[in-house]
Each structure stands twice: as C-alpha cells, then as structure tokens.
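Below you'll find the structure, written out as structure tokens, and then a few comments.
The values are calculated or read from the model by the stated rules, or taken from the named source; none is laboratory data. Treat the numbers as computed from the prediction; the structure is a model and nothing was measured. Cβ sites come from the backbone with ideal geometry, for glycine too, and all protein chains shown count toward neighbours. These area figures cover heavy atoms from the full protein model, side chains too; ligands, DNA and RNA do not enter into them. Shrake-Rupley method; radii C 1.70, N 1.55, O 1.52, S 1.80 Å.
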Protein chains: 2
Amino acid sequence: MLEEMGKAAKRASYHLAVLSSAQKNQALALIADYLEQDSESILQANQMDVQQARENGLSKAMLDRLQLTQSRLEGIANDVRQVCNLTDPVGKVIDGSVLDSGLNLERRRVPLGVVGVIYEARPNVTVDTAALCLKTGNAVILRGGKETHRTNQATVKVIQRALEKAGLPADAVQAIESPDRALVTELLKLDRYVDMLIPRGGAGLHKLCREQSTIPVITGGIGVCHIYVDQGMDVEQALKIIVNAKTQRPSTCNTVETLLVNAQDATQFLPQLSQRMHEVGVSLHACPRALPLLSQGPAPVTPVQESELDDEWLSLDLNVVVVEGLDGAIEHIREHGTQHSDAILTRNMHHADRFVREVDSSAVYVNASTRFTDGGQFGLGAEVAVSTQKLHARGPMGLEALTTYKWIGYGDDLVRR
Amino acid sequence: MLEEMGKAAKRASYHLAVLSSAQKNQALALIADYLEQDSESILQANQMDVQQARENGLSKAMLDRLQLTQSRLEGIANDVRQVCNLTDPVGKVIDGSVLDSGLNLERRRVPLGVVGVIYEARPNVTVDTAALCLKTGNAVILRGGKETHRTNQATVKVIQRALEKAGLPADAVQAIESPDRALVTELLKLDRYVDMLIPRGGAGLHKLCREQSTIPVITGGIGVCHIYVDQGMDVEQALKIIVNAKTQRPSTCNTVETLLVNAQDATQFLPQLSQRMHEVGVSLHACPRALPLLSQGPAPVTPVQESELDDEWLSLDLNVVVVEGLDGAIEHIREHGTQHSDAILTRNMHHADRFVREVDSSAVYVNASTRFTDGGQFGLGAEVAVSTQKLHARGPMGLEALTTYKWIGYGDDLVRR
C-alpha cells in the first residue's frame, strides 16, 4: 500500500514542480477556505480523537494540544493564507555563468519532489506541513500520531477536495491512515519515491529515523542549550536574559537548560541568581562547586546528576555549573551540548569572538536569549523544522530547505574537449 | 579503536575550524613538498600493494590505477598546490540583517567538522580528499580499498608529518589501517563524531551506506544518462554530441548509456547512427522498434533487455530506444534514469524549456554533451564527489559542499518578547 502511495506522490510531484507561484497560491487559498467551510467533518473527527484520548488517560496538556475548536481551525486556515504571502524559492537562479568551454551553466532552485513527515499529536502540523510543501512544489506523505489519526484523516480529505477543485492532483497530499506502527518502518525504506524525511517529535523518533531510514533524514529538535556568564558581566542584564531563556516557554527546545558561571564571579553571582530564580519559580540543579553557594539562597537546589547535563529539562529546572572561564565553558558545551543554541553573556569582545567561532552550534548568541532560535524570529516566515545536523539545513528551516537545485547547461551543439 | 579515532578527529576539527586560509594553505604546501621529498616510502609501499594485487589476479586496468610512479606522485603533489589557489568558503557571510527584535543576525559558512570517506582502489584519492577537507577546515577519517592499504598508510604518515611540521594536529587526517571489513560497518555508526560520510565507489557501496549508516551520507556517482534526439534535430550535430558523450571516456558516470530517438525521425536517423557508431566502435542494444532499423546498419546490434535500461554500461555499448516524442522521452527518463545527467538535442525552444523543467536530474542539458557534468568543467575548482541525491549538494560537489553554516546572533542584552 505504501508503495502505491509513494508512486502516486512521485507522479503528483512532477505536476507540482512546474506550477507557477500564482497557481500554488490559488490552491493554498482554496485549502484555507475549505478548512473553514468544511470544519464540521474535522471537528467531529477531532471530538472522537479527544474522547478516545481521554479514555486512554492522556494528560490535560496533551488533550489541550489535541483539541480543535472552530476558532482554532480558523487560526489554522489563516496560517495557510500567510503561507501565500511568503516568497516562493522555486525557480530562483542561484548562480550562473558562461564557462570557458562555451557552456552556459546555471543553478536553479527546484522542489525536492516528495517529502515524508512523521509527527506527533498536534493536528495543526498536518495543515501546516501540507501548506509549506505545496508552496514549494513538493508532494507530501504525512504520518501523524495515532492520537489524532481521525482528525488528520478528515483534514486531509478536506485538503484533497480543495486540491481537486484547484485542478491539482489530490495525491499531492496523502496521509497514512492506519495507526499501525509497522508502516512507519516501511515509510523509512521508501527511498525510491521519497526524497527527504522530516521527523517532528522527540529524541526517540529522531533516533529511529537516523538508524532505520534509507531516505535522507533531517534530524534535530533536541536542545540542551547553554548560557555562559562571563567574568565581569553585568548581573542585572545577565539575570534578565536568563529569566527570558528559561521561563518564557520552558517546554521548547530553545530554552536554556544549563547555566555556566565563570569561577571568578561565582561567589558574588550565584546568591543573586538563587534569589531571582526563586522569584520566577525555577528549581536549580547544582554542580559541587555551585551547590554550597546556592544552598544559602531561597531557590530550591539539589546536586546535579551527570546524566542531567545531557538531557533537556523542558520545565522550570536549570542546571548550574561553575566553569574555569571561557575555556571551561567551551569545553563543557562541546561535551554536553546538542549543537542547538548556546549563548555567551559578556562585556569582553575578544571572548565574544572566541565563543562565536569555537562553539559549534546551529545558533550562537552574544548577549541575547537562546529563545530567538525560531523560524519566525529569524524572519524565515515559516518553520519547517529545526535541524541540529549539519547537512542541507542547519537551525530553523524555512521554505528554502524544502528545495534543492538543478544544474542547467545550454550549449550551441557543444561537446567536451 | 574507531571510537578513539573519532574522538581524536573531533578534537582536531576544533583546531582546524579556527585557522585562517593562509595557515591552511601553508599546511597544504608542506604536504605537497613532503609527498615529493618522502616519495620513497610511499613508492615502496605501493610496489608491495601492486605485487600483491598482481598475485591476486587484478585486471590490468585495475593494476594501472593502483600503480604510483615518481612522476604520478609529483602530479598528485601539484594537485595539492592547486587546492591552495582555490577560494576558501569558510567564514563567508551568506546573509545577515538586523531583525525587528533588534537581533543582529548573520549566517556564516563553517566547516562540517569531521568527514568520513570510504573509497576504492585509487591511491590519489587519499591525498586529494585530505587536501580538500583540510582546505575547508575539516578533519577526515579515510577508509581506502584493501588493495591500496599499504600505499594509503605510507601516504597518510607523510601527510601527518607535514601537518605536525605546520603546527597542526596529526589527527586531522587519519586512515583506518586494518583492511577488516567490519570496520566499515563500525565507521557507518560513528555518528557521535563523524558529521558527513562520502562513499566514493560503486552502487554496492552506496547502497550499504544508505542502508547501514546513522551518519548523513552523500550518495551518488551512478549515472544512467540519456540523450533524447528530438524531431527535426540536425543529424550531423546530434551524432557529434552522441559520439562525444559515449566515447570520450566510456567508464565515467556522465557517459550516455541510453539514446532516445523520437519516432518521427527514427527511420531516417537510425541507419546514420549505426554507420557512425560502427566507425567509433560502439555496440548497440535496441528496443523492438529500433531493432529492424538498426539491423540493416554496420554497427553490431542486439535486442536490449529491460534490466539493461536500468544499468550503466560503462563501456562502448549504447541502448537505443524509440520514443513517442518529448512526452515519451521524459516518461522513459523518469522510469529508468538515476537523476545524474540527461540531455535533449533539439531545435525547438518550447521542447528545450519543457525538458529542462520536467526532467528531474542533477544536470540537464540542451544541445550539449552529458560529459560536462564534472567539478572541473563546472568551474568548481575541485570535485569532492558527484551527488545524485537531493539533500545538501546535488551534482558535482565543490568545496562549499564540505561546509555548513551557523547562525550568529548579536544582541544588546536582548530578550525575546
């Protein structure tokens, strides 16, 4: 069955690849309209998913992410309309020249072809991903979490009706309907038809894809992010940035998980940190050197376990480690970081420069919060995923990451000498 | 053992990442000098490899590729000096701006880190690959074919001595010395240290890497290339290009393997094709429609097997298939191509445009030979590999393909709102 889906997606992708931006935008606008007009079928399916999830004892937070309402659906439709406004990267000439041989060569952006997306519970990802893939002329095969499979199925049916109305192949957007997990493994081997795989979920899903997939995968999304407070940093400004990076939205991957404090300032800085963290409800996990200094402050503190330095908290918890200056900070980040987002807070330009050059992360910051790592914040218009690997795309991925290029050579009946 | 190599390579990569272009070029110049000065140790090791290969009954062509001489070694050293002249992509700012939030954001090219290269018999690849990786600030772990393992070992020793002389870590270039095949599988799982894997070899090696590797892989190199002769094409010019694409160097991946001839002109075109192919020593493999027309000509012809349309000949053999115009040609290429290089020979601008847009290959040509797909011909200065996948790099890969980028954000004590 997956073989058939792959074949159909590939066929659809040939059709999509030659559409103009106007044609693609027209289809997107229709999808947005249909999502609003046909909301009933989607909301009904969603109610069944929510009911089932409640019976299965899903957490309240998960249930909330799962649930759709008319106004949420309108929000999703409006997001699709936003995608129309983005610049279409397809067709752009990256570079070109007439070579010594006489060959007139250019490199032009083209769609990838077929994109596979595996994601977890949130139903808005279905629409979001489909819209971004269509905008860039790609067909997409979606595999959502089993908790939302009725919602996804209903949503994709609406999208397909809009596609047909727009004169495009319905197979441009397909969803794997069965919640059977074996189909994920099968999808990972569909390299004959699928050009790129994007897992959107936890570390386990990324690991599965990296290990099992024969399709090129974009992995990422795991962020053990660090902030290093350098010697002589302004304490008030440092605390402001730390509070933002830890508490603005603790469940996101760009949230700071470990604070590195240079040894020179630790005695003075850590008590003030404890005070502020107490005020914003953050619990601390301290290294042996930080522990006695933090124990006197009001914020709850426990000794940090080595393994906790390698994991995301995704909660109001913060590791605190005292390091020997910049070298110690860089060393720590190399050992424990996930190459997502790391920041230095400093007044020393030489240190800022070294940090930026020597810390090998997707995003490095000087005197700014790690929370900025985000497609919207970076002005990419949309975020397909956040990559923490180094090939193809790194950090927040915009529309360009859904394209590749082809070399086009024109000759006047030209042969190679 | 591989774990230790990986760790050492990663450490070396941190050192390499912050070198200036001048420092890297100095090291490359020293490597070139040392290869010439210490040629004896390399040539001796090579003699033993050649001797062994002869005993193992390797073909004459293979032996020739294996063998080094003083002058070949000088050629290799000069190739390293050429790499000094290439522009270093590292440090280049791709784009940047001050965002609404006040964040001063730029995207800068940085080395990948550690590159793994698995290749077959040719000893020049050892030096070539090491030079390109060093130039881009990457450490490299090399795994050459077992036929050249003594040569490679001696060569890497010389390179390491030059690195040390230049004040760089010797671990920047390491070779897996044991010919044990299990080490390849182990290398494929070293994702903790190796950032990108480049297989340089046959289809089997690429398949192994795609299936087994947990490291992002660049696969490619397999070229079932097509030339489509459109209706009304000038016969003499068409034959000139076909001869070049088939006979200039038949063993390369950009050689044409299948000629598609539009049905309208087949009766007139095919006898002339047979005549010319006969003159240049090419054997033909014809589809049922082409067979009777070619059977009257002087070139040897047999019926083509379906499976032969999906494989490289890499010899003076050419498939000939009659197709129903441009649509038939595009259909055939989609079914049998490997997305390497495909050409249309035409006088019809509309057809040229459709071919370029609808054929989804790394390189598409209008009235030019498929032989142009090559880093040197494309003006890239060097060729790391030819990718036929769509992620990261497509077609001939130059130095830029050995880099990634990082996002660098400067703030004036900036938090996200």
Practice task
Pop out a list of residues from the range A:208-247 that are at least 10 Å² less accessible with all the protein chains around than in their chain alone; 1.4 Å probe, no ligands or nucleic acids counted.
Solution key: A:Arg210, A:Glu211, A:Ser213, A:Thr214, A:Pro216, A:Gln237, A:Lys240, A:Ile241, A:Asn244
Problem - Radius ratio Rg over Rh of the range A:274-403, counting only Cα atoms, Kirkwood formula for Rh - result: 1.01
Handout entry: With every protein chain in place, the range A:283-417: carbon and sulfur % of accessible area (1.4 Å)
Key = 49
Fill in the blank from the handout: Inter-copy distances for B:Glu3, nm, shortest first, label points 7 Å along Cα→Cβ, are 4.1
Fill in the blank from the handout: When A and B pair up, the total accessible heavy-atom area removed from solvent (1.4 Å probe), in Å² to nearest 100, is 6400
Exercise for the section: First compute the accessible area of the range A:1-110 with a 1.4 Å probe, then give the percent of it belonging to carbon and sulfur atoms. Expected result: 47
Fill in the blank from the handout: Computed from the beta carbon distance with a Förster radius of 25 Å, FRET efficiency for A:Glu236 and A:Thr302 to the nearest 0.05 stands at 0.40
Problem - Approximate spin-label separation A:Lys165-A:Ala22, in nm, with each point projected 7 Å along Cα-to-Cβ - result: 2.1
Practice task
Can you send over the solvent-accessible area of A:Leu63, 1.4 Å probe, protein chains only, in Å² to the nearest 10?
Solution key: 20
Practice task
At 7 Å along the Cα-to-beta-carbon direction for both A:His278 and B:Ser295, put a label point, then send me their distance in nm to one decimal.
Solution key: 9.8
Exercise for the section: Using a 1.4 angstrom probe on heavy atoms only, work out the carbon and sulfur share of the accessible area of the range B:117-160 in %. Expected result: 43
Exercise for the section: Rounded to the nearest Å, what's the spacing between the alpha carbon centres of the range B:40-73 and the range B:127-165? Just the number, please. Expected result: 18
Practice task
May I ask you to report, in nm to one decimal and beginning with the shortest, the distances from B:Ser307 to the same position in the other copies, taking label points 7 Å along Cα-to-Cβ?
Solution key: 5.1
Fill in the blank from the handout: In terms of the alpha carbon gyration tensor, root eigenvalues a ≥ b ≥ c, rounded if a/c is under 1.5 and otherwise prolate when a/b exceeds b/c or oblate, chain A is oblate
Completion exercise
In deg cm²/dmol, rounded to the nearest 500, the helical mean residue ellipticity at 222 nm of the protein assembly as shown, built from -39500 (n - 2.57) for every DSSP H run of length 4 or more, is -13500 deg cm²/dmol
Fill in the blank from the handout: Expected response for nearest chain B Cβ to the B-A rotation axis, distance in whole Å, is B:His392, 2
Practice task
Mind running the shape call on the range B:236-281? Use the C-alpha gyration tensor, a ≥ b ≥ c as the square roots of the eigenvalues: rounded below 1.5 for a/c, prolate if a/b tops b/c, oblate otherwise.
Solution key: prolate
Handout entry: Dipole of chain A, positive direction: furthest Cα of A:Ala266, A:Gln248, A:Leu16, with charges on the beta-carbon
Key = A:Leu16
Completion exercise
When every protein chain stays in place and a 1.4 Å probe is rolled, A:Met349, A:Met397 sorted by accessible area with the largest first are A:Met349, A:Met397
Practice task
Name the most mobile residue of A:Leu103, A:Leu28, A:Leu142, meaning the one with the largest mean-square fluctuation, in a Gaussian network model of chain A with Cα contacts below 10 Å.
Solution key: A:Leu103
Exercise for the section: Taking the Cα centre of the range A:1-134 as origin, work out the dipole magnitude from +1 charges on Lys and Arg Cβ and -1 charges on Asp and Glu Cβ, in debye rounded to 20. Expected result: 300
Handout entry: Using a 7 Å Cα-to-Cβ projection, A:Leu99 label spacings across copies, nm, ascending
Key = 3.8
Problem - Computed Rg/Rh of the protein assembly as shown, alpha carbon atoms with Kirkwood Rh - result: 1.00
Exercise for the section: Write down the accessible area per residue of the protein assembly as shown in Å², having rolled a 1.4 Å probe over the full set of protein chains. Expected result: 39
Practice task
With all protein chains present, calculate the accessible area of A:Lys146 using a 1.4 Å probe and round the result to the nearest 10 Å².
Solution key: 130
Completion exercise
Largest fluctuation, B:Gly220, B:Gly102, B:Gly167 only, Gaussian network model of chain B with Cα springs under 10 angstrom, belongs to B:Gly102
Problem - Rough spin-label spacing in nm, given labels placed 7 Å along Cα→Cβ, for A:Asp412 and B:Thr267 - result: 3.5
Fill in the blank from the handout: Quick shape check on the range B:136-283: root eigenvalues a ≥ b ≥ c of the Cα gyration tensor, a/c under 1.5 is rounded, otherwise prolate if a/b tops b/c, else oblate, and it reads prolate
Practice task
Please list A:Glu400, A:Glu164 in order of solvent-accessible area, largest first, computed with a 1.4 Å probe with all protein chains present.
Solution key: A:Glu164, A:Glu400
